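Engineer: Take this structure, written in structure tokens, and hold onto it; I'll ask about it next.
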Amino acid sequence: MNSKTISNGILRAVGIILSTALLLYFLWKIQSVIAYLAIAAVVALIGRPVVFFFRRRLKLPNTIAVILTMALMVGVLSGIIALFVPLLTEQGKNLSLLDIDQLERNLDSLHEQIINFIGTAPNVVDEIIEDTDFEKTIVDSLNIGFIPNFLNSFLDVLSTASIGLFSVLFISFFFLKDSNLFQSGILAFVNEKNEKRTVTSIEKINNLLSRYFVGLLLQIFILFVIYTITLLILGIENAIVIAFLCALFNIIPYIGPIIGGVIMVVLTMTSNLGMDFSTVILPKAGYVLIGLLIGQLVDNFFSQPFIFSNSVKSHPLEIFLIIIIAGLLFGVVGMIVAVPGYTAIKVILKEFLSENKLVKSITKSL
């Protein structure tokens, strides 16, 4: 090995490193576009069965079917947004008329009722708080100086969200209209001898993920109905909005239901500030917990097994391990994309490494 060969190897390595760095930098700069493409792909997968229904059952042309599907999804999204408008309007009105002294008295009253209910003397709790500087920490953390800045940046956030929404809808339309558009882009980077296997893999992934996301929507809808009925029976204000928000957290596996449950209980308790804790607030919170328990039992023993077994063809224990591993590696985002990502990997492995013993064992249900 002479010096020329060594120098060429070094230059090639440097070139590969620089090219990789430039590619990563480019991807980082266009991360918003990548996010739009990913969200649009999910929207297209959800709308795919609807397009097929319009085309096969109603015999509509492809373009008309796509337009109707997009209009239906936009209508559903508009309805969801409309649910939150009264809540935001009411909260804005409450903020404009907020009596800080009355709020402080209500919170103090709730605090004293909780302490009295659990049987601890208020002076003992106060001494513990003073010893641990807990009160000072809470007071220091309750800095409301962010409110003007938040209001000033609201228009910027709204404009960015509008651009993102338009981009996602625009890309989703063409993903639905030309189902081979995404496939053609991937095939441009694939060798000719692997094109057939790649096309087969893409079709299987589309079918499985489409069923998965539709099943996920069904799962959220079932929880939404259970939570709404619970809150309406208890007479909680904005029950539909709270139920939808808490059901939506179920997108995050395992952690999401806990967050949604805590939010529902807290909103239930704070909506009854000023009332008696032991006879009004605590019983309502208990009934909300019962509703949450029923919802999670239905979800764990009906919704999730249905989705995992009939859509992504994976065992619940297998899914549990994949979600935990993805959460440890990539956090909440990893937990959300764990199931779709794992399903895509399984399909690709089965198509290209079908003779491998390990691949056979994990893909036998596909």
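Engineer: Please give me, ordered by residue number, the chymotrypsin sites (Phe, Trp or Tyr not before Pro) of segment 160-226 that lie in loop per DSSP and have at most 13 other Cβ atoms within 10 Å.
Structural biologist: Numbers: sites: 166, 170, 173, 174, 175, 182, 189, 212, 213, 221, 224; in loops: 189.
Here the sparse-neighbourhood loop sites are 189.
Engineer: Next up: With contacts defined as alpha carbon pairs under 8 Å and 6 or more residues apart, what's the relative contact order of segment 190-325 in percent? Spell out each step's value before the answer.
Structural biologist: Values: 105 pairs, mean separation 37.3, N = 136.
About 27 percent, as a whole number.
Engineer: Here's another thing I want to ask about it. Which ³J(HN,Hα) values, rounded to whole Hz and listed in residue order, are derived for segment 37-43 from phi using the Karplus coefficients 6.51, -1.76 and 1.60 in 6.51 cos²θ - 1.76 cosθ + 1.60 with θ = phi - 60°, glycine and proline given as x?
Structural biologist: 5, 5, 5, 4, 5, 5, 4
Engineer: Something else: So if R0 is 56 Å, what FRET efficiency would residue 282 and residue 354 give, r being the distance between their Cβ atoms, rounded to the nearest 0.05? Can you show the working numbers first?
Structural biologist: Details: r = 59 Å, r/R0 = 1.05.
Once rounded, the FRET efficiency stands at 0.45.
Engineer: Trypsin sites (Lys or Arg not before Pro) within segment 7-75: which are DSSP loop residues with at most 12 other Cβ atoms inside 10 Å? Write down the numbers at each step before the final one.
Structural biologist: Values: sites: 12, 29, 55, 56, 57, 59; in loops: 57, 59.
Qualifying residues, ordered by number: 57, 59.
Engineer: Given R₀ = 56 Å, what would the calculated FRET efficiency be for residue 189 paired with residue 233, taking r from the Cβ atoms and rounding to 0.05? Intermediate values should be presented prior to the final figure.
Structural biologist: Values: r = 55 Å, r/R0 = 0.99.
Taking R0 as 56 Å, the efficiency between residue 189 and residue 233 is 0.50.
Engineer: May I pose another question? Counting other Cβ atoms within 10 Å, which trypsin sites (Lys or Arg not before Pro) in segment 263-366 have at most 12 and lie in a DSSP loop? Please list the in-between numbers first.
Structural biologist: Details: sites: 284, 313, 346, 350, 357, 360, 364; in loops: 313, 364.
Loop-located and lightly packed - 364.
Engineer: Sticking with this structure for a sec: Could you go through segment 323-329 in sequence order and give the Karplus-derived ³J(HN,Hα) for each residue, using 6.51 cos²θ - 1.76 cosθ + 1.60 with θ = phi - 60°, rounded to whole Hz, and x for Gly and Pro?
Structural biologist: Once rounded to whole Hz, the list reads 5, 4, 5, 5, x, 5, 7.
Engineer: Could you tell me the ratio Rg/Rh of segment 228-366? Both radii from Cα atoms, Rh via Kirkwood.
Structural biologist: Values: Rg = 19.6 Å, Rh = 17.2 Å.
Rg/Rh for segment 228-366 comes to 1.14.
Engineer: Would you mind checking the pairs 59/177; 196/357; 313/346; 313/350 and listing those with alpha carbons more than 19 angstrom apart?
Structural biologist: Numbers: 59/177 15 Å; 196/357 23 Å; 313/346 10 Å; 313/350 13 Å.
Beyond 19 Å between Cα atoms: 196/357.
Engineer: Take the Cβ-Cβ distance between residue 174 and residue 203 as r, set R0 to 25 Å, and report the resulting FRET efficiency rounded to the nearest 0.05. Walk me through the intermediate numbers first.
Structural biologist: On the way: r = 19 Å, r/R0 = 0.74.
Once the sixth-power term is evaluated, E becomes 0.85.
Every number here is computed from the coordinates shown, using simple stated rules; none is lab data. Everything quoted here is computed from the prediction, not taken from an experiment. Glycine gets a Cβ as well: all are built from the backbone with ideal geometry, and neighbour counts include every protein chain shown.
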